[in-house]
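Visitor: My questions will all concern the structure given below.
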Amino acid sequence: MSIISIVGARPNFMKMSPVINELNQLGMKNILVHTGQHYDWNMSKVFFNELSIPKPDIFLNIGSGTHAVQTAKIMIEFESICAAKNPALVIVAGDVNSTLACALVAAKMNIPIAHIEAGLRSFDQTMPEEINRILTDRISDLLFISEGSGIKNLKKEGVQKNKMFFVGNCMIDSVKKYIDKALERQPWLKLNLAQQNYCLVTMHRPSNVDSPESLLGIISMLNDISKSLPVVFPVHPRTKNNLDKLKVEIKKGVSITEPMPYLEFLGFLARAKIVITDSGGIQEETTYLNVQCVTFRENTERPETVITGTNHLVGTSTDSVIKKVNEILNGKIKIGSIPERWDGNSAKSISKVITKFLR
Ligand code: UD1
């Protein structure tokens, strides 16, 4: 009896790594499929090396494209893999296009699906991830929930109780496992920065970086913040493509870098004074690491980071970000705690449920 696990894009790697390792330790026949949604060295391969993810058994090499093209190409390739391997379960994680594409194929072939990070909702269907989340959950058989809001959302949507498993957050399993190694490297020294004395920024959401006006506003906001705190900005390929088309002055206090490998980024994250982001996962990692996070979005599918954690959801006005940064610098910080079951044992709980299910 074999299982197929899917990875495709950067945020999948840190969630799937602990689960794959756990299943391998239990001696399960796990076929790892990488769709190739992300393909650059620093968006993909380097994570396999650092997170000890085994080499994929199958690489689909799908690459970039519109949503329809990317999703359809993955579906066509994945259908023949399922036909050949006849797996007893397909495991998908998160909310990227690879997640939905593979879940849809499995569902049509009557192959059970396990969804890691089920139940998160931003209630904003202009985000492609929200559509991917809703549809994947609807057709999954095992729904692994990372935070309390997920239970409420799925119950409201009528999901049967026996499909839902509140296992905690397996991305936090990875943070817990690798944090010491990440800090040993002291990555901030490479940029001549001191701990607790820089602001780390990530921006890649289409709604923030695809329009020139919005991206210009973000750069001007970072130039402004860099007058009081040095800024480190590892730039996602989507953001870079858009930035390259603009003529804009970036001040010396803003260090633009390539996307960072996992350990380097985790080190930077853990010792930042403030993080500004539009990512989903980084809202969770900062909450776990007790770092002040300013989220440049109108909503979040991870409300636990705001309720329990250190996340400030400020909306997409650059003035509100600057105001919040100044407040934090003046000592008005959020005292957070770690959400329930974010204890580093999520992958273990997941593999227990899977073992029982397959029996
Ligand atoms: C995807 C996910 C998003 C996740 C993000 C993390 C979907 C719908 N979105 O968005 O949820 O937060 O990954 O990074 O699945 N590119 C490269 N090299 C790469 C990958 C991408 O140059 O290795 C460039 C291409 O120009 C591509 C663009 O980045 O067109 C966007 O990539 P894509 O996979 O479409 O979506 P992301 O914005 O990365």
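Visitor: Of all accessible surface on the chain at a 1.4 Å probe, what whole percent is carbon and sulfur?
Guide: Within the chain, the accessible surface is 51 percent carbon and sulfur.
Visitor: If you take the square roots of the eigenvalues of the alpha-carbon gyration tensor of segment 79-214 and sort them as a ≥ b ≥ c, do you get rounded (a/c under 1.5), prolate (a/b over b/c) or oblate?
Guide: Because a/c hits 1.5 or more and a/b exceeds b/c, segment 79-214 counts as prolate.
Visitor: I need the peptides 112-123, 225-236, 258-269, 52-63 ranked by packing, meaning the mean over residues of other C-beta atoms within 10 angstrom, with the highest value on top. Kindly include the intermediate steps, with their values, before the conclusion.
Guide: Numbers: 112-123: 23.5, 225-236: 19.4, 258-269: 21.2, 52-63: 15.7.
Highest mean packing first, the order is 112-123, 258-269, 225-236, 52-63.
Visitor: Just want the answer: with Cβ charges of +1 for Lys and Arg and -1 for Asp and Glu, which residue in Cys170, Cys102, Leu120 is farthest toward the dipole's positive end in the chain?
Guide: Cys170
Visitor: Sticking with the crude label model, points 7 Å out along Cα→Cβ, report the distance from Ser220 to Ala83 in nm, one decimal please.
Guide: It is 5.5 nm.
Visitor: Based on Cβ point charges of +1 for Lys and Arg and -1 for Asp and Glu, what charge dipole magnitude is obtained for segment 107-156 about its Cα centre, in debye rounded to the nearest 20? Intermediate values should be presented prior to the final figure.
Guide: Numbers: 7 positive and 7 negative charges, 48 e Å.
That gives a dipole near 240 debye.
Visitor: Leaving ligands, DNA and RNA out of it, work out the accessible area of Trp188 with a 1.4 Å probe and give it in Å² to the nearest 10.
Guide: 10
Visitor: Here's a follow-up. Taking the Cα centre as origin and putting +1 on Lys and Arg beta-carbons and -1 on Asp and Glu beta-carbons, what dipole magnitude results for the chain, to the nearest 20 debye?
Guide: In debye, rounded to 20, the chain gives about 480.
Visitor: Here's something else I'd like to know. What are the radius of gyration and Dmax of segment 251-330, computed over its Cα atoms and given in Å?
Guide: 12.5, 36
Visitor: Evaluate the charge dipole of segment 202-359 about its Cα centre and quote only its size in Debye, nearest 20, assuming +1 on the Cβ of each Lys and Arg and -1 on the Cβ of each Asp and Glu. Mind dumping the intermediate values first?
Guide: Values: 21 positive and 17 negative charges, 70 e Å.
Rounded to the nearest 20 debye, it is 340 debye.
Visitor: So, in segment 220-359, how many Lys pairs have Cα atoms under 14 Å apart, if the pair is 8 or more places apart or on different chains?
Guide: 10
Visitor: Give the Cα extents of segment 1-42 along the principal axes, in whole Å, largest first.
Guide: If we take the Cα atoms of segment 1-42, the spans are 31, 17, 13 Å.
Visitor: Averaged over every viewing direction, what's the projected area of the C-alpha convex hull for segment 200-267? Give it in nm², one decimal, please.
Guide: 4.5
Visitor: So how do 238-249, 124-135 stack up, highest first, on mean other-Cβ count within 10 Å?
Guide: Ranked by mean Cβ neighbours within 10 Å, highest first: 124-135, 238-249.
Visitor: Considering only protein heavy atoms, what per residue accessible area in square angstrom results for the chain with a 1.4 angstrom probe?
Guide: Values: 15320 Å² over 359 residues.
For the chain, the per-residue accessible area is 43 Å².
Visitor: With an 8 Å cut-off on Cα pairs and a minimum separation of 6 or more residues, tell me the relative contact order of the chain in percent.
Guide: Relative contact order for the chain comes out at 16 percent.
Visitor: Quick one: give the max-minus-min coordinate of the C-alpha atoms of segment 214-359 along each principal axis, largest first, in Å.
Guide: 60, 35, 27
Visitor: Taking all pairs of different Cα atoms in segment 1-123, averaging 1/r and flipping that mean, what Kirkwood radius in angstroms comes out?
Guide: Taking every pair of different Cα atoms in segment 1-123, averaging 1/r and inverting gives 14.4 Å.
Visitor: OK, next. Leaving ligands and nucleic acids out of the surface, order His312, His38, His67 by accessible area at 1.4 Å, largest first.
Guide: Sorted by accessible area, descending: His67, His38, His312.
Visitor: Can you give me the P(r) profile for segment 114-160? Cα pairs, bins 10 angstrom wide beginning at 0, each as a whole percent.
Guide: Distribution as computed: 30, 62, 8 percent.
Visitor: I've got another one for you. Which of the peptides 329-336, 11-18, 346-353 is most tightly packed, and how do the rest follow, judged by the mean count of other Cβ atoms within 10 Å per residue?
Guide: Most protected by this proxy first, the peptides run 11-18, 346-353, 329-336.
Visitor: Give me the orientation-averaged projected area of the Cα convex hull of the chain, in nm², one decimal.
Guide: Numbers: hull surface 66.2 nm².
Spelled out: convex hull of the Cα atoms, projected over all directions, averaged, 16.5 nm².
The values are calculated or read from the model by the stated rules, or taken from the named source; none is laboratory data. Because the structure is predicted, anything quoted here is derived from the model rather than measured. Neighbour counts run over all protein chains shown; Cβ positions are idealised from the backbone, glycine included. Areas reflect the complete protein model, heavy atoms only, side chains present, ligands, DNA and RNA absent. Shrake-Rupley method; radii C 1.70, N 1.55, O 1.52, S 1.80 Å.
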